[in-house]
1. Under 7 Å by Cβ, and 6 or more places apart or on different chains, what pairs join a residue from the stretch 31-54 that is polar (S, T, N, Q) with one that is assigned to a loop (DSSP other than H, G, I, E, B)?
2. Restricting attention to the stretch 1-27, report how many residues are of a type in the set (Ser, Thr, Tyr), in contact with a Phe, Trp or Tyr (Cβ under 9 Å, 6 or more places away or on another chain) and not in a loop (DSSP other than H, G, I, E, B).
3. Here is a list: Leu40, Leu58, Leu77. Which entry is surrounded by 12 or more Cβ atoms within 10 Å (Cβ to Cβ), in contact with a Phe, Trp or Tyr (Cβ under 9 Å, 6 or more places away or on another chain) and modelled with pLDDT under 90?
4. For residues that are of a type in the set (A, V, I, L, M) and over 30 Å from Gln6 (Cβ atoms), tally how many sit in the stretch 31-89.
5. Within the stretch 28-58, restricting attention to residues that are assigned to a strand (DSSP E or B) and in contact with a Leu (Cβ under 8 Å, 6 or more places away or on another chain), which residue is nearest to Leu86 (Cα to Cα)?
6. Would you mind telling me which numbered condition in (1) of a type in the set (Ser, Thr, Tyr); (2) surrounded by fewer than 13 Cβ atoms within 10 Å (Cβ to Cβ); (3) over 13 Å from the mean Cα position of the chain (by Cα) Ser66 fails?
7. Name the residues in the stretch 88-108 that are open to solvent by 30 Å² or more (accessible area, probe 1.4 Å) and part of a loop (DSSP other than H, G, I, E, B), would you?
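The values are calculated or read from the model by the stated rules, or taken from the named source; none is laboratory data. For clarity, every value in this text was computed on a predicted model and none was experimentally measured. Heads up, the Cβs are rebuilt from the backbone with ideal geometry, glycines too, and the neighbour counts pull from every protein chain shown. Surface accessibility is based on the protein's heavy atoms, side chains included, excluding ligands, DNA and RNA. Shrake-Rupley method; radii C 1.70, N 1.55, O 1.52, S 1.80 Å.
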Amino acid sequence: SPAGRQAYYMTPADGSVLAFAGIWSTWGSGAGQRLTFSVLTTAAVGELAEVHDRMPLLLPPEFWSSWLASAADPTELLAAPSPEWLAGLEIRPVGPAVGDVRNDGPQLTARVPLARAAGVAEPTLF
């Protein structure tokens, strides 16, 4: 991660899967066709607000089929998850190696001492 930032790893504490809301589109045709996507963000809530002012729009499992079917009320789908669901997330500080795409492996998600106490100002969520 860039100098002066603390990276964090976010995962469900129960080991389940975490899903983000996203949109996608295809551009072009034939061999030049590209699939593009974006992860939707929203104002951070709960413990995530201590990490950053924005967060990915997290989708609790009960929203997955509605999100994919696009049949549900968008207002409901774009709402922040409940505080109870958010309480089931683990948000832990990780080392700066997570910010370099050349690095890989489970060691990247290992908890490290919180650097913010040593004067690091801006956190980054990975």
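1. That search, which allows pairs on different chains as well, returns Thr41/Leu57; Thr42/Leu57; Thr42/Ala80.
2. As a first pass, look at the stretch 1-27 and keep what is of a type in the set (Ser, Thr, Tyr): 1, 8-9, 11, 16, 25-26.
This time we only want the ones that are in contact with a Phe, Trp or Tyr (Cβ under 9 Å, 6 or more places away or on another chain), so: 1, 8-9, 25.
Now narrow it down to the ones that are not in a loop (DSSP other than H, G, I, E, B): 8-9, 25.
Here the count works out to 3.
3. Working: Leu40 fails: modelled with pLDDT under 90; Leu58 fails: modelled with pLDDT under 90.
Sole residue among the options that is surrounded by 12 or more Cβ atoms within 10 Å (Cβ to Cβ), in contact with a Phe, Trp or Tyr (Cβ under 9 Å, 6 or more places away or on another chain) and modelled with pLDDT under 90: Leu77.
4. Of the stretch 31-89, the ones of a type in the set (A, V, I, L, M) are 31, 35, 39-40, 43-45, 48-49, 51, 55, 57-59, 68-69, 71-72, 77-80, 86-87, 89.
Filter again for over 30 Å from Gln6 (Cβ atoms), leaving 31, 35, 68-69, 71-72, 77.
Going through the stretch 31-89 one residue at a time, the tally reaches 7.
5. Let us first name the residues in the stretch 28-58 that are assigned to a strand (DSSP E or B), namely 34-39, 41-43, 54-56, 58.
Those still in the list that are in contact with a Leu (Cβ under 8 Å, 6 or more places away or on another chain) too: 39, 41-42, 55-56, 58.
Details: Val39: 18, Thr41: 15, Thr42: 14, Met55: 12, Pro56: 12, Leu58: 9 Å.
Checking each candidate, the answer is Leu58.
6. Condition (2) is where Ser66 drops out.
7. Gly88, Asp100, Val101, Arg102, Asn103, Asp104
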